[in-house]
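Nothing in this text is a laboratory measurement; each read-out follows from the coordinates by a stated rule. Keep in mind that this is a model prediction, so the values were computed, not measured. Cβ atoms come from the backbone with ideal geometry, glycine included; neighbour counts cover every protein chain shown.
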Amino acid sequence: MRLNSTLVASDAFEKHLINRKRKNSWGKKAAVYALMLTSMVDMFSMLVVFLLQTFSTSPEILINKGLVLPNSITASQVQEAPVLSINKDGNLYLDQKLVGLTKKILKQPNGLMKELNVIKNSWADHHAGLAFPGEINLQADKEISSTVVSQVMGVLTSGQFQSIQLAVIGLR
Amino acid sequence: MRKKVGLGSKKDLNADLNLTPFIDLLSTCVCFLLMTAVWIEVGSVEIKQSHGTEAAASKKISYDLDLVYKTPTQLSLNLKKNGRRVRSLKVKAETAEGFQIKLNQVISEKILTIKNKAIEIATATITPRTTVNYGQLIETLDTLRKNNITNIGVLSAGGR
């Protein structure tokens with residue numbers, strides 16, 4: 001607002017603008033754009049704390065697409081071992097490789113046994129003189145019949161994979 | 001001319017923290033942690049299928065527990081002492097959630113205590129059924145593990 005050729009402020013914001021204009025008119029200064037670092041550092045610190053809290057050293061195990069694992073409150077840390085997964089569509093995968101239909105494999109487990117023997121032999125080559133631990137991770141969809149899972153476990157046991165780790169989603 | 005020490009014009013000490021390396025470190029930390037973060041934590045429940053090895057090795061009086069599924073919400077519990085049945089109980093509920101609560105109650109109150117004495121279960125064997133899905137089997141395993149029964153096996157014969 002201009003009154004008798006002088007600037008008069010009508011509200012606080014206008015007063016601030018007038019003051020700025022007056023200051024600028026005294027001598028031109030270089031514009032300084034300061035980034036508010038405090039809030040950024042705060043945000044970074046909070047992110048780091050959150051990520052450190054959720055940090056896990058357990059080995060990463062891939063879950064097949066479309067496979068829904070059951071939840072468990074007593075889950076322990078997963079071990080690094082071969083992964084056998086039974087999908088809801090009826091297919092059986094060993095380390096992400098399709099072995100065949102679960103029903104067929106349960107009737108004729110030779111194909112799966114061959115694959116398991118390859119794993120066993122390669123383990124024996126890398127760990128000479130040590131007894132085979134027989135560890136395997138078994139992933140199965142939570143909707144699959146428990147008898148199918150138990151039959152697959154039977155095949156694994158006969159193939160010297162006796163320490164079966166059932167994969168679950170750990171609830172804290 | 002000699003410079004006078006300590007008598008010159010005093011400048012304010014600059015106590016500002018240099019934030020640049022601090023931000024660098026934090027950004028690196030955030031990137032590393034975001035890349036290595038595991039969003040879905042996969043756990044495992046151990047099953048010991050080789051019966052008659054660990055349990056038979058000890059000469060203590062051992063109790064074994066058989067859990068035989070009838071339906072998804074009905075199960076019979078058989079407690080055996082040195083192979084002979086000592087106690088037989090049935091657990092039945094209307095819902096799956098109620099079934100697990102009831103199973104937990106029966107195991108802690110009627111199985112793990114005999115004549116006011118706490119007993120230890122050497123092995124537990126679950127006999128599954130076609131109508132019982134894998135998720136329900138895991139829930140039962142959870143209930144057993146909650147009651148410190150860790151040596152668990154699943155009967156691998158084809159169920160009915």
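Calculate for the protein assembly as shown the 222 nm mean residue ellipticity that helices alone would give, adding -39,500 (n - 2.57) per DSSP H run of length 4 or more and normalising by residue count, nearest 500 deg cm²/dmol.
Calculated from helices alone, the mean residue ellipticity at 222 nm is -11000 deg cm²/dmol.
For the range A:71-170, what is the charge dipole size about the Cα centre, in debye to the nearest 20, if Lys and Arg each add +1 at the Cβ and Asp and Glu each add -1 at the Cβ?
Here the size comes out at about 360 debye.
Restricting to DSSP loop positions (anything but H, G, I, E, B) with no more than 10 other Cβ atoms inside 10 Å of their own Cβ, which trypsin sites (Lys or Arg not before Pro) remain in the range A:55-134?
A:Lys65
Per residue of B:17-25, how many C-beta atoms from partner chains lie within 10 Å of its own C-beta, taken as a mean?
Average per residue, whole number: 2.
Quick one: net charge around B:Ile152, please, counting Lys, Arg +1 and Asp, Glu -1 for every other residue with C-beta under 10 Å from its C-beta.
+1
If I model a spin label at B:Glu41 and A:Ser56 as a point 7 Å from the Cα along the Cα→Cβ vector, what separation in nanometres do I get?
In this crude label model, B:Glu41 to A:Ser56 measures out at 0.6 nm.
Can you list the chymotrypsin sites (Phe, Trp or Tyr not before Pro) in the range A:54-128 that are in a DSSP coil and have 13 or fewer other beta carbons within 10 angstrom?
Hits after loop and neighbour filter: A:Phe55.
Taking the Cα atoms only, what angle lies between the long axis of helix A:12-26 and the longest principal axis of chain A, rounded to 10 degrees?
It works out to around 70 degrees.
Tell me, what does the Kirkwood hydrodynamic radius of the protein assembly as shown come to in angstroms if you use every pair of distinct C-alpha atoms?
25.3
Using a Förster distance of 56 angstrom, determine the FRET efficiency expected from the C-beta separation of A:Asp11 and A:Trp123, and round it to 0.05.
For A:Asp11 and A:Trp123, the calculated efficiency is 0.10.
Using the Karplus curve 6.51 cos²θ - 1.76 cosθ + 1.60 with θ = phi - 60°, what ³J(HN,Hα) values do you get for each residue of the range B:33-43, in whole Hz, with x for Gly and Pro?
Whole-Hz 3J(HN,Hα) from phi for the range B:33-43: 5, 5, 6, 9, 5, 9, 7, 10, 8, 8, x.
Take every DSSP beta bridge whose two residues both sit in chain A, then give the antiparallel share in percent to the nearest 5.
Percentage antiparallel, nearest 5: 45.
For the protein assembly as shown, give the share of DSSP beta bridges that are antiparallel, in percent and rounded to the nearest 5; count only bridges with both residues there.
Antiparallel: roughly 65 percent of the beta bridges in the protein assembly as shown.
Only sites in a loop by DSSP and with at most 16 other Cβ atoms within 10 Å count here; which GluC sites (Glu not before Pro) in the range B:72-110 make the cut?
The qualifying sites are B:Glu94.
By how many degrees, 0 to 90 and rounded to 10, does the Cα axis of helix A:110-126 deviate from the longest principal axis of chain A?
For helix A:110-126, the angle is close to 70 degrees.
For chain A, what is the relative contact order in percent, using Cα pairs closer than 8 Å and at least 6 residues apart in sequence?
Across chain A, relative contact order equals 23 percent.
Report, for the range B:54-154, the % of DSSP beta bridges that are antiparallel, rounded to 5.
DSSP beta bridges in the range B:54-154 are roughly 65 percent antiparallel.
Name the longest site-free stretch of chain A, where the excluded sites are GluC sites (Glu not before Pro) in a DSSP loop with no more than 14 other beta-carbon atoms within 10 Å.
In short, A:81-142.
Which value, in debye to the nearest 20, describes the size of the charge dipole of the range B:54-154 about its Cα centre when Lys and Arg Cβ atoms bear +1, Asp and Glu Cβ atoms bear -1, and nothing else is charged?
Once rounded to the nearest 20, the dipole reads 580 debye.
Mind putting a number on the dipole of chain A about its Cα centre? Charges go on the C-beta only, +1 for Lys and Arg and -1 for Asp and Glu, and I need it in Debye to the nearest 20.
1280
Report, as a whole number in µm² per second, the diffusion coefficient that Stokes-Einstein gives for the range A:45-171 at 37 °C and 0.692 mPa s using the Kirkwood radius over alpha carbon pairs.
The diffusion coefficient I find is 207 µm²/s.
Could you work out how far helix A:146-158 tilts from the main Cα principal axis of chain A, as a 0 to 90 degree angle to the nearest 10?
60
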